[in-house]
């Protein structure tokens, strides 16, 4: 099974954000899964310039995404996308492991 993927739209937006914040070339978007939220687990997105030895690093053009090994277990086969719609622009994780999700899209549960 594929570990984790990033769409071109998401990679482009990550590169824009890093450029806008004048971050270093080592800066990546870190995606983590934490306990909490209204469905049991929630996604956390943050810029991070430090890669850990057990991180999965996905480089796509100038954009870089890192996922820690614990979160990767819950994100196996998932895809990071970026949507820009009338209701707002945001990163979205399409996670085949999630059996249900809350309305906000940042919280999910697995069986």
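The values are calculated or read from the model by the stated rules, or taken from the named source; none is laboratory data. Quick caveat, the model's predicted, so the values are computed rather than measured. For neighbour counting, all protein chains shown are included, and Cβ atoms are generated from backbone atoms with ideal geometry for every residue, glycine included.
Of the residues making up segment 79-103, those that are loosely packed, with under 15 Cβ neighbours inside 10 Å and either at pLDDT 75 or above or in contact with a strand residue (DSSP E or B) (Cβ under 8 Å, 6 or more places away or on another chain) (or both) are 84, 85, 86, 87, 88, 89, 94, 96, 99, 100, 102.
Report the residue count in segment 37-49 for those that are buried (at least 17 other Cβ atoms within 10 Å of the Cβ) and more than 17 Å from residue 71 (Cβ to Cβ). Here the count works out to 0.
If you filter segment 52-69 down to residues that are farther than 17 Å from residue 18 by Cα and out of contact with any helix residue (DSSP H, G or I) (no Cβ under 8 Å at 6 or more places or on another chain), you find that the one that is surrounded by the most Cβ atoms within 10 Å (Cβ to Cβ) is 68.
Quick check on segment 66-80. Is at least one of its residues assigned to a strand (DSSP E or B) and without any contact (Cβ under 8 Å) to a residue 60 or more places away in the chain? There is at least one residue in segment 66-80 that is assigned to a strand (DSSP E or B) and without any contact (Cβ under 8 Å) to a residue 60 or more places away in the chain.
None of 30, 44 is modelled with pLDDT of 95 or more, out of contact with any helix residue (DSSP H, G or I) (no Cβ under 6 Å at 6 or more places or on another chain) and closer than 21 Å to residue 82 by Cα except 30.
The number of residues in segment 23-36 that are surrounded by fewer than 17 Cβ atoms within 10 Å (Cβ to Cβ) and closer than 17 Å to residue 67 by Cα comes to 3.
Of all the numbered requirements in (1) surrounded by 12 or more Cβ atoms within 10 Å (Cβ to Cβ); (2) within 19 Å of residue 71 (Cβ to Cβ); (3) at pLDDT 90 or above, residue 3 misses one, and that requirement is (3).
Inspection of segment 14-22 finds no residue satisfying the criterion of being outside any loop (DSSP other than H, G, I, E, B), surrounded by 14 or more Cβ atoms within 10 Å (Cβ to Cβ) and in contact with a helix residue (DSSP H, G or I) (Cβ under 7 Å, 6 or more places away or on another chain).
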